[in-house]
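Enquirer: Quick one: this structure, given as structure tokens, is what I'll be asking you about.
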Amino acid sequence: MESLENIKPGKPKLWTNLSLVVVILFLGWLSYAVGVEHMPVKNTYWALTPPIIAISLSLITKEVYSSLFLGMLTGAMLNVDFNPEGGINQLFQNGIISVLSDKWNVGILVFLVILGTMVQMMNRAGGSAAFGAWASNHIKGRIGAQLSTMLLGCLIFIDDYFNCLTVGSVMRPVTDKHRISRAKLAYLIDSTAAPICIIAPISSWAAAVSGFVKGENGISIFVQSIPFNFYALLTLVMIVLIAIMRLDYGPMLLHEKNASNGDLFTTGKRELISKETNMDEKAGRVSDLIIPVAFLIVGCVIGMIYTGGFFEGKSFIEAFAASNASVGLVMGSSVALIITIAYYMIRQSLSFGECMECLPEGFKQMVPAMLILTFAWTLKSQTDSLGAATYVAGLMEHSAAGLMAFLPAIIFLVAIGLAFASGTSWGTFGILIPIVVSCFQEVDPELMIISISACMAGAVCGDHCSPISDTTIMSSAGAQCEHLNHVTTQLPYAMTAASVSFFAFLVAGFTKSALISLAFGVVALFLLLLVIRAKVSRKHNSYT
């Protein structure tokens, strides 16, 4: 039997996507040409078709760009009843060009470029290599490397985008040293990005959630919901358990086996490594990485509270609640970049010319993430214009009143589906939280808190699993991992935590006790992982 280490993922079946594109275009043009009357698609289940097509094809064909484009194209044609001229206008003018004209989106792209530039500068100055050498003497073994990555992710709780890229740039040398696959690193980053932000009272996510709770103290509601956010809490517990138990399963097992033999990517490609090492590195110090990262953290925090009005008299928490994360991150990272350039020049680590050479290199490093983000944003805009949010909201409003104790578990599943299809947690919050508040605000305030937690947990879970999620894309970029490798390897892990969380929400719906429900979840998760380890051991023995 072929050894497990030599097994490679299947090649992308590009012809599948291309054939479907041709078929959809032809059928749409034919129906328009003969004047066929189309059934209504807006505010119906048809509105979910574009993301379902994009996600399904990306998972089947392992090719993300054409899959996202096909989803975008389907959404554009549905929006204009398959009018070819209108479809082109919808796809480009109202789609790609529109999302690239949005201030928030442009801010995120600029932030990506600045982060890429700073990573290149830290690499070229030798800071990353020096930190990796230092960490190899202080962080022992694969368990220590994984738990250290988790710890750093927990410490950077301000914003998930910032978390993904910073943790990735800092911990890549460490995990590479201990032969941890880039897919595993991406999972660790993703699992300590949104799950940490959603249980941190001072974060951009707390500000977003509190804004959706009308007629209540949003921050107070958010804090009360933290103990019931089982998916986020169990995800963190799961990271610790799989590290200590040395457990890997699903596609991740293949990646970790190959990484132990020197192949960090399980693709047969080495481009990602060469991008990081194609510039002459110098003999740097650990401070050449730590100090720029500290500049970045301080700069981004100040930038966010500045946009929230902190320097105009608002409190720190109020400023965070009112902050514009996109603008704040760009301002803070820009200042950090300028200070970092000055620092390297004073230290004579890099000349000004060498710093400027890192700018296009950093841009090139982030191009795949920027392209996927642009397509994902366009897909979301097409889905929004079809009324997917209205359709899901209508389903919940008609069914929520009779669910009662079962509502937390059911709304957790609904939130997963909506966030997975749309690729956004915040959009899911905006749809479901107001419905939960209106249904239970006067009837059962305690159940309202649990249900809001279920909404947040499900949104994070769906966002965690979705190939078109910003955070998933950023985690791939931070780990320098091929995007679909990250998606396919992470999915079984996320589903494990989600399945246990579902039953924990069932318990919470009846007991209304965070302690009992969370204890049940932790024990159930541990037992489930023991069962999985036993199955993996038996399967692994069949290869030997």
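Enquirer: In the stretch 236-253, how many are closer than 14 Å to Leu491 by Cβ and in contact with a Pro (Cβ under 8 Å, 6 or more places away or on another chain)?
Expert: Taking the stretch 236-253 first, the residues closer than 14 Å to Leu491 by Cβ are 238, 248-253.
Adding the requirement that they be in contact with a Pro (Cβ under 8 Å, 6 or more places away or on another chain) leaves 249-252.
Of the residues in the stretch 236-253, 4 are closer than 14 Å to Leu491 by Cβ and in contact with a Pro (Cβ under 8 Å, 6 or more places away or on another chain).
Enquirer: Given (1) in contact (Cβ under 8 Å) with a residue 24 or more places away in the chain; (2) open to solvent by less than 40 Å² (accessible area, probe 1.4 Å); (3) in a helix (DSSP H, G or I), where does Ile291 come up short, assuming only one miss?
Expert: The failed condition is (2).
Enquirer: From Ser98, Ser66, which residue is more than 19 Å from Pro368 (Cα to Cα) and of a type in the set (Gly, Ala, Ser)?
Expert: When all the criteria are applied, what remains is Ser98.
Enquirer: Within the group Ala524, Ala508, Ala519, which residue is buried (at least 24 other Cβ atoms within 10 Å of the Cβ) and of a type in the set (Gly, Ala, Ser)?
Expert: It is Ala508.
Enquirer: Scan the stretch 490-518 and report the pairs whose first residue is touching a residue at least 12 places away in the same chain (Cβ under 8 Å) and whose second residue is part of a helix (DSSP H, G or I) and of a type in the set (Lys, Arg), with Cβ atoms within less than 6 Å and a gap of 6+ or a chain change.
Expert: none
Enquirer: Take Asp470 and tell me if it is free of Cβ contacts under 8 Å to residues at least 60 places away in the same chain and of a type in the set (Asp, Glu).
Expert: Taking the combined requirement at face value, the residue does not satisfy it.
Enquirer: Quick one: which of Pro195, Pro173 is over 13 Å from the mean Cα position of the chain (by Cα) and either within 21 Å of Thr117 (Cα to Cα) or not basic (Lys, Arg) (or both)?
Expert: Pro173
Enquirer: Given the condition in a helix (DSSP H, G or I) and within 14 Å of the chain's Cα centre (by Cα), answer yes or no: does some residue in the stretch 499-515 qualify? It would help to see each step written out before you state the result.
Expert: Applying the first criterion (in a helix (DSSP H, G or I)) to the stretch 499-515 yields 499-511, 514-515.
Those still in the list that are within 14 Å of the chain's Cα centre (by Cα) too: none.
No: zero hits.
Enquirer: Something else about it: Against the conditions (1) of a type outside the set (Val, Ile, Thr); (2) open to solvent by 30 Å² or more (accessible area, probe 1.4 Å); (3) modelled with pLDDT of 80 or more, where does Leu73 fall short? Just the number, please.
Expert: Failed condition: (2).
Enquirer: Say we look at the stretch 506-544 and pick out the residues that are modelled with pLDDT under 95 and of a type in the set (Phe, Trp, Tyr); which of these is nearest to Ile242 (Cα to Cα)?
Expert: Per the stated criteria, the residue is Tyr543.
Enquirer: Let me ask something additional. Do you know which of the residues in the stretch 353-366 that are in contact with a helix residue (DSSP H, G or I) (Cβ under 6 Å, 6 or more places away or on another chain) and not acidic (Asp, Glu) is surrounded by the most Cβ atoms within 10 Å (Cβ to Cβ)?
Expert: Result: Cys358.
Enquirer: May I pose another question? So, restricting to helices (runs of 4 or more DSSP H) that lie completely within the stretch 133-202, which ones have at least 2 residues that are open to solvent by 10 Å² or more (accessible area, probe 1.4 Å)? Give the derivation first.
Expert: Details: elements: 141-155, 160-177, 182-191, 194-197.
The qualifying helices (runs of 4 or more DSSP H) are 141-155, 160-177.
Enquirer: Please go through the stretch 86-127 and pick out each residue that is of a type in the set (Val, Ile, Thr) and either modelled with pLDDT of 85 or more or over 22 Å from Trp426 (Cβ atoms) (or both).
Expert: Across the stretch 86-127, the qualifying residues are Ile88, Ile96, Ile97, Val99, Val106, Val110, Val113, Ile114, Thr117, Val119.
Enquirer: Among the candidates Val330, Val301, which residue alone is of a type outside the set (Phe, Trp, Tyr), at pLDDT below 85 and either assigned to a helix (DSSP H, G or I) or open to solvent by less than 50 Å² (accessible area, probe 1.4 Å) (or both)?
Expert: Going through Val330, Val301 in turn, the sole match is Val301.
Enquirer: With the checklist (1) under 19 Å from the mean Cα position of the chain (by Cα); (2) within 23 Å of Ile52 (Cα to Cα); (3) open to solvent by less than 10 Å² (accessible area, probe 1.4 Å) in hand, flag the one item Ile411 doesn't pass.
Expert: Among (1) under 19 Å from the mean Cα position of the chain (by Cα); (2) within 23 Å of Ile52 (Cα to Cα); (3) open to solvent by less than 10 Å² (accessible area, probe 1.4 Å), Ile411 violates only (1).
The values are calculated or read from the model by the stated rules, or taken from the named source; none is laboratory data. What you see is a predicted model, and the numbers here were worked out from it, not measured in a lab. FYI the Cβ positions are ideal-geometry reconstructions off the backbone, even for glycines, and counts take in every protein chain you see. The protein model used for the area step is the full one, side chains on, heavy atoms only, and it has no ligands, DNA or RNA in it. Shrake-Rupley method; radii C 1.70, N 1.55, O 1.52, S 1.80 Å.
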